[in-house]
Amino acid sequence: MFRRTRRLALISTIAASAVILSACTGTAEPEATAPVGDPDPDATLQVGLVLEPTNLDIRRTSGAALEQILIDNIYEGLVTRDEANEIVPRLASDYEVSPDGLTYTFTLNEGITFHSGTPLTSADVVSSYEAVRTDTTLQGNAEFASVASITAPDPATVQIVLTAPNQNFLFSLTGPAGLVFQTGDTTDLKTAENGTGPFTLSRWSKGSAITFARNDGYWGEPAGVAEVEFQYIPDFSAGVNAALDGGVQVLTAVDPNLAPQLEDSFTLTTGRTTDKATLAFNNAKAPLDDVRVREALRLAIDHEALVEAVGAGTTLYGPIPELDPGYEDLSDVISYDPEKAKELLAEAGQEDLELTLTIPTFYGTTVPKVLISDFQKVGVTLKVDSVEFPAWLEDVYTNHDYDLSFVLHVEPRDFGNFADPEYYFGYDNADVQALYAEALAEVDPDASADLLAEAARIVSEDHAADWLYNGATITAVSPLVSGFPEDSINSRIDLAGVTVAVEK
């Protein structure tokens with residue numbers, strides 16, 4: 001049996017962001033400067049973001065744009081995760097997992113109330129999680145498939161029993177599936193909220209900004225600012241201008257080409273993410289069903305030059321990024337070798353290959369241009385079909401009607417996509433599926449990670465896809481701001497500990 005306490009949650013701040021256009025730069029970061037004055041508890045923190053949610057119902061609406069601002073700020077779960085993606089307690093003061101990995105017992109912190117003023121008890125946790133378990137329209141329903149029972153032995157204790165061990169179950173509780181809502185609450189979650197977090201929703205000016213106010217009745221440490229205003233600025237140049245004009249004190253997802261404009265006035269931080277810039281191959285469709293063709297395409301790509309061109313992240317040669325369990329440097333699997341690529345294509349009878357790359361419009365042209373050039377050098381003609389995201393979802397994700405595709409897969413611990421032959425990758429490998437199932441059933445986290453690493457190596461050696469780079473985010477932070485998260489802001493930003501100083 002092992003136990004984790006809430007004290008561990010104080011080690012680091014939760015962070016994340018919904019921005020799918022993550023970027024970093026290879027230039028040296030300036031030294032962080034100390035705030036120029038004392039923290040102002042009445043301050044408003046203004047944060048520039050890119051992607052605005054379509055609604056605020058995080059129970060029924062997917063998307064990182066919701067998790068980015070709502071989890072840990074408005075809504076909380078029994079557990080959450082820190083910037084390094086480690087699981088830490090939140091509403092629970094501690095938790096225990098039985099040696100067989102089947103029983104999870106959580107003890108709630110004292111004095112927790114919803115924003116409505118109603119005290120939270122274990123019954124609210126049970127009703128929230130039972131809804132996820134039984135309602136297929138709720139986010140996380142599939143993640144609760146192995147849950148046998150959810151009970152409340154007393155008002156401060158919650159016990160969850162699984163039908164089989166699941167190494168990912170506790171991590172799933174750090175996402176929307178694990179959030180706790182008031183039993184019987186009738187709040188319209190699309191436009192309003194009733195959480196337990198350190199902030200409440202103040203107003204939403206659709207198409208412009210969402211504002212949070214400090215929850216003075218918060219059960220934990222009060223937030224360091226009176227308000228947080230999220231300004232949605234989809235144009236990168238406009239975001240830089242807003243920062244330089246004083247409209248925002250923090251700008252996320254800074255375009256690396258524009259970052260030098262901010263260096264004199266802001267501290268630029270480069271944060272790690274689980275963003276996997278994935279060049280998907282349709283493994284179920286000729287000629288991508290031929291491993292020689294897939295390997296040839298990977299050999300044709302100069303990954304280091306591509307990263308330099310994008311100004312984003314680091315090279316990644318397998319499906320698991322550094323922040324996830326099972327990561328291993330797989331650079332030994334593939335290298336830049338155009339001549340070998342030509343040989344493989346000739347062997348496969350594909351010397352004059354023509355392929356189409358389907359890519360959502362918001363990713364721009366840098367990656368397609370690099371791929372067109374690299375593939376042309378080995379005799380592959382690449383046509384680019386830039387489509388609106390709904391069309392990508394319909395054609396590529398749902399109907400699997402594509403040759404190659406490019407998107408940033410931002411979700412942590414999503415290796416299971418390669419163990420699902422029905423996923424749009426069309427990759428079907430029984431050994432990988434068996435190893436993944438074994439990894440999930442393994443109670444020991446280290447042993448589970450070893451199994452994932454073994455499976456990931458097979459996936460890379462099968463050339464099931466290409467991972468062009470592991471994304472990173474540049475954030476510009478005013479010297480007045482202290483405590484703003486750096487890593488993992490692709491999925492959430494915990495702002496409770498952020499302060500804004502009074503300028504002297």
Conditions (1) without any contact (Cβ under 8 Å) to a residue 40 or more places away in the chain; (2) farther than 30 Å from T113 by Cβ: number failed by F266:
(1)
With respect to D216, determine if the residue is in contact (Cβ under 8 Å) with a residue 40 or more places away in the chain, among the charged types (D, E, K, R) and either in contact with a Lys or Arg (Cβ under 9 Å, 6 or more places away or on another chain) or in a loop (DSSP other than H, G, I, E, B) (or both).
no
Output the residues belonging to the stretch 264-276 that are in contact with a strand residue (DSSP E or B) (Cβ under 9 Å, 6 or more places away or on another chain), surrounded by fewer than 18 Cβ atoms within 10 Å (Cβ to Cβ) and not polar (S, T, N, Q).
none
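If I filter the stretch 391-431 down to residues being aliphatic (A, V, I, L, M) and part of a helix (DSSP H, G or I), which single residue comes out as modelled with the lowest pLDDT?
Of the residues in the stretch 391-431, the ones aliphatic (A, V, I, L, M) are 391, 393, 396, 404, 407-408, 410, 419, 430.
From what is left, the residues that are part of a helix (DSSP H, G or I) are 391, 393, 396, 419, 430.
Details: A391: 94, L393: 91, V396: 96, A419: 97, A430: 98.
Looking at residues that are aliphatic (A, V, I, L, M) and part of a helix (DSSP H, G or I), I get L393.
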Could we say that A243 is out of contact with any Leu (no Cβ under 6 Å at 6 or more places or on another chain) and among the hydrophobic types (A, V, I, L, M, F, W, C) here?
no
Just need a number here: residues in the stretch 302-316 that are crowded, with 22+ Cβ neighbours inside 10 Å and part of a loop (DSSP other than H, G, I, E, B).
3
Within the stretch 416-427, can one find any residue that is buried (at least 24 other Cβ atoms within 10 Å of the Cβ), at negative phi and of a type outside the set (F, W, Y)?
no
Only one of (1) over 25 Å from L435 (Cα atoms); (2) in a helix (DSSP H, G or I); (3) of a type outside the set (G, A, S); (4) modelled with pLDDT of 95 or more is not met by R292, so which one is it?
(1)
Considering only the stretch 153-164, I want to know if a residue exists there that is in the same structural domain as T80 (by TED's automatic domain parsing), under 19 Å from V79 (Cα atoms), part of a loop (DSSP other than H, G, I, E, B) and among the hydrophobic types (A, V, I, L, M, F, W, C).
yes
Answer with yes or no whether G239 is touching a residue at least 40 places away in the same chain (Cβ under 8 Å), in a loop (DSSP other than H, G, I, E, B) and not assigned by TED's automatic domain parsing to the domain that holds L49.
no
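Can you pull out the residues in the stretch 303-333 that are out of contact with any strand residue (DSSP E or B) (no Cβ under 8 Å at 6 or more places or on another chain) and at pLDDT 95 or above?
E304, A305, I320, P325, G326, Y327, E328, D329, L330, S331, D332, V333
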I need the full set of residues from the stretch 121-137 which are crowded, with 22+ Cβ neighbours inside 10 Å and more than 18 Å from L108 (Cα to Cα), in order please.
V132
Identify, from the list P256, P260, P222, P234, the residue that is over 30 Å from G426 (Cα atoms) and touching a Gly at 6+ places or on another chain (Cβ under 7 Å).
P256
Which one of these does R492 not meet: (1) buried (at least 19 other Cβ atoms within 10 Å of the Cβ); (2) touching a Pro at 6+ places or on another chain (Cβ under 6 Å)?
(2)
State which residue pairs qualify: first residue over 25 Å from G220 (Cβ atoms) and free of Cβ contacts under 8 Å to residues at least 40 places away in the same chain and inside the stretch 117-142, second residue part of a helix (DSSP H, G or I) and of a type in the set (S, T, Y) in any location, beta carbons under 9 Å apart, and separation of 6 or more residues or different chains.
N141/T134
Say whether the condition of being surrounded by 14 or more Cβ atoms within 10 Å (Cβ to Cβ) and either under 16 Å from F230 (Cβ atoms) or at pLDDT 90 or above (or both) is met by at least one residue in the stretch 24-40.
yes
Before we move on, is G197 closer than 26 Å to E411 by Cα, of a type outside the set (F, W, Y), in a loop (DSSP other than H, G, I, E, B) and not assigned by TED's automatic domain parsing to the domain that holds L78?
yes
If the requirement is being crowded, with 24+ Cβ neighbours inside 10 Å, in the same structural domain as L393 (by TED's automatic domain parsing), out of contact with any Asp or Glu (no Cβ under 6 Å at 6 or more places or on another chain) and at pLDDT 95 or above, which of these qualifies: A434, A439, A449?
A439
Would you mind stating whether S128 is polar (S, T, N, Q), touching a strand residue (DSSP E or B) at 6+ places or on another chain (Cβ under 9 Å) and part of a helix (DSSP H, G or I)?
yes
So, of the residues in the stretch 41-74 that are touching a strand residue (DSSP E or B) at 6+ places or on another chain (Cβ under 6 Å) and farther than 25 Å from V88 by Cα, which turns out to be surrounded by the fewest Cβ atoms within 10 Å (Cβ to Cβ)?
T44
Residue satisfying condition, being over 26 Å from N429 (Cβ atoms) and touching a residue at least 40 places away in the same chain (Cβ under 8 Å), within set A476, A449, A455:
A476
Can you find a residue in the stretch 461-469 that is part of a strand (DSSP E or B) and touching a Pro at 6+ places or on another chain (Cβ under 8 Å)?
yes
Can you name the condition, by its number, that T80 falls short on among (1) under 25 Å from P222 (Cβ atoms); (2) in contact with a Pro (Cβ under 7 Å, 6 or more places away or on another chain)?
(2)
Which condition number in (1) buried (at least 16 other Cβ atoms within 10 Å of the Cβ); (2) touching an Asp or Glu at 6+ places or on another chain (Cβ under 8 Å); (3) part of a loop (DSSP other than H, G, I, E, B) is the one that D374 fails?
(3)
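The values are calculated or read from the model by the stated rules, or taken from the named source; none is laboratory data. Quantities reported herein were computed from a predicted structural model and do not represent experimental measurements. Note that we place each Cβ from the backbone using ideal geometry, even for glycine, and neighbour counts take in every protein chain shown.
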